[in-house]
1. Enumerate the strands (runs of 3 or more DSSP E) found wholly within segment A:93-168, keeping only those where 2 or more residues are more than 20 Å from A:THR217 (Cα to Cα) and open to solvent by 10 Å² or more (accessible area, probe 1.4 Å).
2. Contact list please: Cβ distance under 6 Å, first residue in segment A:172-184 and under 12 Å from A:PHE111 (Cα atoms), second residue surrounded by fewer than 18 Cβ atoms within 10 Å (Cβ to Cβ) and polar (S, T, N, Q), pairs at least six apart or on different chains.
3. Inside segment A:284-311, can you point out the residues that are within 14 Å of chain B (Cβ to nearest Cβ) and over 18 Å from A:VAL213 (Cα atoms)?
4. Being acidic (Asp, Glu) and surrounded by fewer than 24 Cβ atoms within 10 Å (Cβ to Cβ), is that true of even one residue in segment A:260-275?
5. So which residues in segment A:255-289 are within 18 Å of the chain's Cα centre (by Cα) and not in a strand (DSSP E or B), if there are any at all?
6. Please go through segment B:29-44 and give me each residue that is more than 7 Å from every other protein chain (Cβ to nearest Cβ) and either in a strand (DSSP E or B) or modelled with pLDDT of 95 or more (or both), ordered by number.
7. When residues of segment A:219-250 are filtered for being at pLDDT below 95, more than 10 Å from chain B (Cβ to nearest Cβ) and surrounded by fewer than 18 Cβ atoms within 10 Å (Cβ to Cβ), how many remain?
8. What do you reckon, is B:ARG10 in contact with a Phe, Trp or Tyr (Cβ under 9 Å, 6 or more places away or on another chain), of a type in the set (D, E, K, R) and at the interface with another protein chain (Cβ under 10 Å from one of its Cβ atoms)?
Amino acid sequence: MDLESARVVKRELEGFFRSRYRNEPPRGRFWLGIAPGAVPTEYGIAVRAETEADLPDAARRSIEELSKGPVDVRFTGRITALASVPGATRGAAIGASVAHRMCDAGTLGFFARKISDQSIGLVSNNHVIAAEDIGAEGDDILHPATCDGGARTPVVIARLVGGYPALRQRNPGLDCAFARLVDGTAYDPQSVDGQKVSPEIVAAETLLEVSKVGRTTGLTRGRVSAFEVDAPVHYSFGRVRFRQQIEIQPAENAPFAGGGDSGSLVFTTTGYHPVGLLYAGSTRGGGSGYGLGYANPIDAVLRALGVTFLT
Amino acid sequence: MTPATIEAARAAKERLADLLDDVVELSGLGIAIVEGGFGVKVNLITATSFPIPSVFDGVPVVVDIVGDIYPL
């Protein structure tokens, strides 16, 4: 199959295992990826596990049945971090690695106060800390994400607050969620790039130079190329059409964001004013060909979650 | 390319959405930020044979082939 088909199949498999093991986590531990095929234009599904015991027979059979193409299974032995991603060692701070137990790694966007009860928590994407609508009130939010653990043991720093905007609804508009910090969690509420994030938000209707600090690519710079963008995003369960989104193109000869940067706060490069919450990226375009980033407008995120920036 | 006001760009975006409704390669539409003003951003999954205008109702149109969009 071609690369796009392999990506779709991988996402379908991830969705399958997420829903299947919602209440009964698998005893084994394995990871999915995309493997190069016999010729340069062909791809298959890569399955990796530390040992054979980590890949249950039932899971292996499901992967082979659902993948509609070649499956490359390899047992890797224990994998240790060679060079940790930036967000794995930040501590509980803007740009840190976070995730729901059932999610891949994402980014801690910012800290906020819930207006209804004045509790303090963190904001990231639904698909990072609420497992694409599966997450329930009180679910553990880990830092760093399990896959970023390495020598640092993931710890529960927050618990998901229910009632976040659902992705699977007739008119989804946002990919965001709030998790209340666990008592005793040390955190740095405002620092980013050695500066303080301003609580004064800015709309993306002017030519804005913006930045973000993400779990994977760290600090990058971009430019708002469009706003009020209506575009579909391919989640593991299907396509979601968002409206009124912010589009960002890279300002440097590198991508603005990569996998694991979801949830990053997008802020103005000058003044550190919040603009948006990054959640998606395109595979192409953006002038340089590195693709475009997509963010929810920050005012809509604050309103939907009923939170304010910490000052 | 003469930039438009934001109101003109919004109106052009709505009308262009109708015009491009059957273009299967269309990924999304937005308000483009261009030098000195605004335009309409047309994002395509792949190139299309449909003749997308460079100016629509006096508003500049910026076309970009962006592929598909995924959560990061």
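1. On the way: elements: A:97-100, A:110-114, A:120-124, A:140-143, A:155-160.
Hits in segment A:93-168: A:110-114, A:155-160.
2. A:ARG180/A:SER119
3. Once the filter is applied, which keeps residues that are within 14 Å of chain B (Cβ to nearest Cβ) and over 18 Å from A:VAL213 (Cα atoms), segment A:284-311 yields A:ARG284, A:GLY285, A:GLY286, A:GLY287, A:SER288, A:GLY289.
4. Step one: list which residues in segment A:260-275 are acidic (Asp, Glu), which gives A:261.
Right, trim to surrounded by fewer than 24 Cβ atoms within 10 Å (Cβ to Cβ) and you get none.
Within segment A:260-275, none of the residues are acidic (Asp, Glu) and surrounded by fewer than 24 Cβ atoms within 10 Å (Cβ to Cβ).
5. A:PRO255, A:PHE256, A:ALA257, A:GLY258, A:GLY259, A:GLY260, A:ASP261, A:SER262, A:GLY263, A:SER264, A:THR283
6. Of everything in segment B:29-44, those that are more than 7 Å from every other protein chain (Cβ to nearest Cβ) and either in a strand (DSSP E or B) or modelled with pLDDT of 95 or more (or both) turn out to be B:VAL34, B:GLY37, B:PHE38, B:GLY39, B:VAL40, B:VAL42, B:LEU44.
7. So the answer is 1.
8. Values: in contact with a Phe, Trp or Tyr (Cβ under 9 Å, 6 or more places away or on another chain): yes; of a type in the set (D, E, K, R): yes; at the interface with another protein chain (Cβ under 10 Å from one of its Cβ atoms): yes.
Answer is yes for this residue.
The values are calculated or read from the model by the stated rules, or taken from the named source; none is laboratory data. Quick caveat, the model's predicted, so the values are computed rather than measured. Positions of Cβ are backbone-derived with ideal geometry, glycine not excepted, and every protein chain shown enters the neighbour counts. Heads up: the accessible areas ignore ligands, DNA and RNA and are worked out on the full protein's heavy atoms, side chains in. Shrake-Rupley method; radii C 1.70, N 1.55, O 1.52, S 1.80 Å.
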